[in-house]
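The values are calculated or read from the model by the stated rules, or taken from the named source; none is laboratory data. Model, not experiment: these values are computed from the prediction. FYI the Cβ positions are ideal-geometry reconstructions off the backbone, even for glycines, and counts take in every protein chain you see.
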Amino acid sequence: MTGSTSIEDKLKERIKELTCLYNVSSFIANSDLYNLEPTWQAIAYSLQEAIRYPKEASVELKIGDELIYAGEHSKDNVCILSAIKVFNKPIGSIKVGYSKYKYKENSFLDEEIQLLNRIALEIGNLFERKQIIESEALAKRHMERVDRLGILGEITAGIAHELNTPLANILGYTELLKDQFKNNPEVINDLDKIINSAIYSREVVKKLMFFSCDMPHQMELRNTVPIIKDAIGLLSPNFTKKNISCQLEISKDEIMLRVDAIQLTQVVFNLVINAIYFSPKNGVIKVMVSDTDKQMVLKISDEGPGIKTDKSENIFNPFFTTKPVGDGSGLGLSVVHGIVKSHKGSIKFEPNIPKGTIFTIVLPKN
């Protein structure tokens, strides 16, 4: 094709460009939002065919760290380029080039530049649609979880109240029976088993009440440092049993916070117990406490297997546990979550590099 272009040639170029736009729209409409690489490859090849000299043209599609090529890639090119933007933020680019030894910058048609801009816009729109769909799905899951937790909170509060009275009766009458059979060691042994089971059940009820936030708060301005140290001190035998070391890092001796001391103990106790359970022998658990003018930050990390992605959504749900049957009730983290929320704080978890999990709790000072 020479510098002067016939009407027939121009018409052929427009048809190629329109065909490319149609194909790109089709690729995008039928794309798998969770596997877009085939879509990018198809767009790159389609764009190459739409350029005036397709055999000489190269296409480079850059999206984030991903690079897709069509045609012979060379650094010695003259090219046209269009940015790909998502909600006005650049995330990549699309580039078409010719060898600079055979072509000049004015070798590209104005319509080809417009085509490139239109394809970049279509790709940006696809990403915007993907982000909107993912945000809506996330919001839906969050609302479903809030509704589920609200219903469970009401149910567990009712269960806790209903169970307290019969458990108190079991403990009371069992103590009376122990007095009657004090000279019969076998019966006493069986009655002790009943008492221990009833006490365990009462502890589960307490956890249910913690989860439903039905227990009254005794909020006082307290120095949280001794509370945290005492909670960890209670677990010394557990550390020794698995030969686990606990590294306690506290930024200062006095961190004042308006808290319920018993509930803060429950939070530390539950998180550290979990860390001990999942830690390997000779592992290290770190408890880090720091503060600012507005908040206290508590971090507890372990070197266990970590939390799998498919489990992460349910980790704070009551009765959900990754422990084997009989090893856990699935209430520990839901109790912690309920207490932290009732103190107007936040809790999150993240991987501990290279292995394990870090739980971070932030409690406001006001």
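Details
- Number of the condition not met by Ser236 [criteria: (1) modelled with pLDDT under 90; (2) surrounded by 13 or more Cβ atoms within 10 Å (Cβ to Cβ); (3) over 29 Å from the mean Cα position of the chain (by Cα)]: (2)
- Residue match in segment 41-59 (condition: on the phi > 0 side of the Ramachandran plot and buried (at least 17 other Cβ atoms within 10 Å of the Cβ)): no
- Condition check for Glu128: of a type in the set (Asp, Glu), under 36 Å from the mean Cα position of the chain (by Cα) and at pLDDT 80 or above: yes
- Qualifying residue in segment 29-38 (condition: farther than 21 Å from Leu81 by Cβ and of a type in the set (Gly, Ala, Ser)): yes
- The conditions of being modelled with pLDDT under 85 and surrounded by fewer than 21 Cβ atoms within 10 Å (Cβ to Cβ) are met by Gly330.
Rundown of residues vs (1) hydroxyl-bearing (Ser, Thr, Tyr); (2) assigned by TED's automatic domain parsing to the domain that holds His337; (3) touching a strand residue (DSSP E or B) at 6+ places or on another chain (Cβ under 9 Å), yes/no style:
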position	(1), (2), (3)
Pro237	no, yes, no
Lys241	no, yes, no
Met256	no, yes, yes
Ile262	no, yes, no
Val268	no, yes, yes
Tyr277	yes, yes, no
Leu298	no, yes, yes
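- Residue in segment 334-351 that is at pLDDT below 85 and either within 23 Å of Asn282 (Cα to Cα) or not in a helix (DSSP H, G or I) (or both) present: no
- Leu257 vs. criteria hydrophobic (A, V, I, L, M, F, W, C), surrounded by 15 or more Cβ atoms within 10 Å (Cβ to Cβ) and at pLDDT below 90: no
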